[in-house]
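Peer 1: One structure, pasted below without further comment.
The values are calculated or read from the model by the stated rules, or taken from the named source; none is laboratory data. This structure is a prediction, so every number in the text was calculated from the model and none was measured. Don't worry about glycine lacking a Cβ; one is built from the backbone with ideal geometry, like all the others, and counts go over all protein chains shown.
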């Protein structure tokens, strides 16, 4: 028999937690961005898994996954552009050192 | 139209003319005077129709024209106003209509209609004359048109309305309204040339002096109304009401309070007290002593105004009102009221006559003469000679209007002379600047002579003789010897100063260049003179004493006017003494007047320029001392310094200081601590401190925010799970 849905969901949750941990713990801004990507892909796994197990006739799940890819790509492009811009000005990519908004 | 309707609408045309001129036609001089004269003509026509219809009624005194309407609701009944023409008002209406119309027409000429505009004339000042150049380039000065021409006609229109209203009223209220309208117009017209200070002062003097009388009159009206509940003449003069008023004490409470004064106070009956109060109104209006001072000063107005106010209408209105109130005065049981009236009249008659002797201004002589003649009428009333007073009222109105208009004509002619010579220092009203005008102004001379002879009581021919003789006969016949003698002396003086005036003005040779160049006035001025002269002679014939004519001609006036009263007064028994007296005083006065002044050239040669007479017995100075200076003193010391500066300003300052203190208190103890510091600054500080505290959570590390938001999400999720699931 095939693999049950819960396994996929556990995988996705694990991947999401790894991404979240990366986002919260890493000092490097690029690493934070990588964490975000992991979280997005965890979501994608969920979307595709739900589509396959619950409603394989419709294409909506796949469409959502593709939209998330596109958004992730755009987000990475913008995020990297911001990081490069910050690096040029402050000569750092460490998130803690970018503290202009601090009181 | 029914007679009553005519009487109702009779006073209205002049009022309409007033509004038309004031509102619309002020700019158009010819239109304005046409409207005014037309209106006076309509009223004249109405008056004549009413008069003629009144003549046609047999025993008119018992069947008068009367009509009333409900006006004001007073509780369950109505206050009624209405019109009434009885024999007295019919003859009054007759002379008022004639003189008013004549004066309106005369005013056209007097105010130089048709003449060019003056070179430097201003509204509020008499015209100064205009310079004209003829074809040869020769310049000469002519009279110029009055700058406020239309305004004058508007005012005299309103004035005529007041007089007609007064005459046709059947009650004291509308009569008083007409009375006051005339008071206002008198003020406006005396002050017509308001650019002159003397005219302004004279206007104020006239208004205030007559006001003194009017206040008492109003008191009398109010008392009468509260006593009888009506102001209608017919109601008031019912025999039973008159008798009740005549027998009731006027001041019972006062007499009880002061027993010492009881005999004095108890002699006043209600009828007498009210009658005297109303009579004080007459004293003011007819310029009787002691309220006579305004009338001579009123000569500041244009001459038609002098004729209108001081001869034909307003002063006559005073006597007319006194005649109307005669039954009331007569009802006084003690007779004191009539004695007071007789005294005031006789005293005024002689008092004013003595002043007139020493006046040099042609109009002032006539002014004092008017006061004196009004005194004759009042004295006649006081001795009970009701008809004689009414008769003299009518004849006097005609010949005095004639004399005033004649003097205006003389002044006008003299102004012509003044403009010709260009010497403006010559007073065109001073009789010593005249002389010999009979040749220059023949129509004026002859008419003035007729008027003057009528005033003097020239025997048989003139109206003044018949009316004055009747007064003297009545005074003698009713046993009032003191009044008779006083009036006889006054009549002598009257003839004397009249002849003095005629002699100085018209006879002899011209004393100045100005009088040499005097000029007869235009027809608009001379025609009224001629018409009035006809009445000054002819009107006397309707009231010829039957004793003198031997009963050939009935004394129509006596029969007619006497019917106004419930009981027709008896004509005084015939006596030769008053007749001889009036013959002597008239002819003697005229003769001595001519004898004394035929050769007088200047005031220095005039032996009668006695200071006390010249200064009018110092009454102006006396009143100045008694009333005007104290009034100024009171207004300065009490009203201004005490009342205004101390009391009122003190109250205001106290209020101001209190408000200031309150403001300070509020500012220091409420606004600053509560509003500013607690609410205003407190809110700011609170927000600032809250912000200062809260800012510490803004650590600036993006991951710290994320942790915080994750914690919050977890908490919310757990809480949601626990609470909802």
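Results for (1) on the phi > 0 side of the Ramachandran plot; (2) surrounded by 17 or more Cβ atoms within 10 Å (Cβ to Cβ), shown as yes or no for each residue.
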| site | (1), (2) |
| --- | --- |
| B:103 | no, yes |
| B:112 | yes, yes |
| B:117 | no, no |
| B:124 | yes, no |
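Peer 1: Still on this structure, I have one more. Against the definition (within 14 Å of chain A (Cβ to nearest Cβ), in a helix (DSSP H, G or I) and either more than 30 Å from residue A:33 (Cα to Cα) or at pLDDT 90 or above (or both)), how does residue B:691 come out, yes or no?
Peer 2: Against the criterion (within 14 Å of chain A (Cβ to nearest Cβ), in a helix (DSSP H, G or I) and either more than 30 Å from residue A:33 (Cα to Cα) or at pLDDT 90 or above (or both)), residue B:691 qualifies.
Peer 1: Could you run through the range B:697-712 and say how many residues are more than 19 Å from residue A:21 (Cα to Cα) and more than 7 Å from chain A (Cβ to nearest Cβ)?
Peer 2: Residues that pass the stated criteria total 1.
Here's the yes/no breakdown for (1) touching a strand residue (DSSP E or B) at 6+ places or on another chain (Cβ under 9 Å); (2) within 30 Å of residue B:563 (Cβ to Cβ); (3) modelled with pLDDT under 80:
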site	(1), (2), (3)
B:79	yes, yes, no
B:83	yes, yes, no
B:89	yes, yes, no
B:94	no, yes, no
B:107	no, no, no
B:115	yes, no, yes
B:120	no, no, yes
B:124	no, no, yes
B:130	yes, no, yes
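Peer 1: Right, another one. Could you grab me the full set of residues in the range B:494-537 that are at pLDDT below 85, farther than 29 Å from residue B:350 by Cβ and assigned to a helix (DSSP H, G or I)?
Peer 2: B:513, B:514, B:515, B:516, B:523, B:524, B:525
Peer 1: Answer with yes or no whether residue A:52 is part of a helix (DSSP H, G or I), surrounded by fewer than 12 Cβ atoms within 10 Å (Cβ to Cβ) and more than 14 Å from chain B (Cβ to nearest Cβ).
Peer 2: no
Peer 1: Also, quick follow-up: Among the residues of the range B:595-617, which ones are surrounded by fewer than 15 Cβ atoms within 10 Å (Cβ to Cβ) and within 17 Å of residue B:510 (Cα to Cα)?
Peer 2: B:598, B:599, B:601, B:602, B:603, B:605
Peer 1: I need a count of the residues in the range B:129-172 that are on the phi > 0 side of the Ramachandran plot and surrounded by 18 or more Cβ atoms within 10 Å (Cβ to Cβ).
Peer 2: 1
Peer 1: Which of (1) surrounded by 24 or more Cβ atoms within 10 Å (Cβ to Cβ); (2) at pLDDT 85 or above; (3) closer than 17 Å to residue B:180 by Cβ is the odd one out, the single condition residue B:308 does not satisfy?
Peer 2: (2)
Peer 1: Being free of Cβ contacts under 8 Å to residues at least 40 places away in the same chain, within 14 Å of chain B (Cβ to nearest Cβ) and part of a helix (DSSP H, G or I) is the filter here; which residues of the range A:68-103 pass it?
Peer 2: A:82, A:90, A:97
Peer 1: Quick one: how many residues across the range A:31-61 are free of Cβ contacts under 8 Å to residues at least 40 places away in the same chain and closer than 26 Å to residue A:84 by Cβ?
Peer 2: So the answer is 8.
Peer 1: For the range B:557-585, which residues satisfy the criterion of being crowded, with 22+ Cβ neighbours inside 10 Å and at pLDDT below 70?
Peer 2: B:572
Peer 1: Inspect the range A:19-29 for any residue being within 14 Å of chain B (Cβ to nearest Cβ), in contact (Cβ under 8 Å) with a residue 24 or more places away in the chain and assigned to a helix (DSSP H, G or I) and give the result as yes or no.
Peer 2: Yes, because at least one residue in the range A:19-29 is within 14 Å of chain B (Cβ to nearest Cβ), in contact (Cβ under 8 Å) with a residue 24 or more places away in the chain and assigned to a helix (DSSP H, G or I).
Peer 1: So if I check each of B:71, B:78, which one is surrounded by fewer than 17 Cβ atoms within 10 Å (Cβ to Cβ), more than 23 Å from the chain's Cα centre (by Cα) and under 23 Å from residue B:321 (Cβ atoms)?
Peer 2: Going through B:71, B:78 in turn, just one is surrounded by fewer than 17 Cβ atoms within 10 Å (Cβ to Cβ), more than 23 Å from the chain's Cα centre (by Cα) and under 23 Å from residue B:321 (Cβ atoms): B:71.
Peer 1: Check off (1) under 20 Å from residue B:699 (Cα atoms); (2) in contact with a helix residue (DSSP H, G or I) (Cβ under 7 Å, 6 or more places away or on another chain); (3) more than 13 Å from every other protein chain (Cβ to nearest Cβ) for residue A:12 and give me the number that stays unchecked.
Peer 2: Tallying (1) under 20 Å from residue B:699 (Cα atoms); (2) in contact with a helix residue (DSSP H, G or I) (Cβ under 7 Å, 6 or more places away or on another chain); (3) more than 13 Å from every other protein chain (Cβ to nearest Cβ), residue A:12 fails exactly one: (1).
Peer 1: Looking at A:46, A:41, can you tell me which residue is more than 14 Å from every other protein chain (Cβ to nearest Cβ) and under 10 Å from the mean Cα position of the chain (by Cα)?
Peer 2: A:41
Peer 1: Any chance the range B:667-675 includes a residue that's more than 60 Å from the chain's Cα centre (by Cα), more than 11 Å from every other protein chain (Cβ to nearest Cβ) and within 29 Å of residue A:99 (Cβ to Cβ)?
Peer 2: The answer is no, given that none of the residues of the range B:667-675 is more than 60 Å from the chain's Cα centre (by Cα), more than 11 Å from every other protein chain (Cβ to nearest Cβ) and within 29 Å of residue A:99 (Cβ to Cβ).
Peer 1: Looking at the range B:586-606 only, could you name the residues that are at pLDDT 75 or above and assigned to a loop (DSSP other than H, G, I, E, B)?
Peer 2: Those that are at pLDDT 75 or above and assigned to a loop (DSSP other than H, G, I, E, B): B:598, B:599, B:600, B:601, B:602.
Peer 1: Does any residue of the range B:15-35 turn out to be within 20 Å of residue B:175 (Cβ to Cβ) and crowded, with 19+ Cβ neighbours inside 10 Å?
Peer 2: Within the range B:15-35 (the criterion being within 20 Å of residue B:175 (Cβ to Cβ) and crowded, with 19+ Cβ neighbours inside 10 Å), the answer is yes, since at least one residue qualifies.
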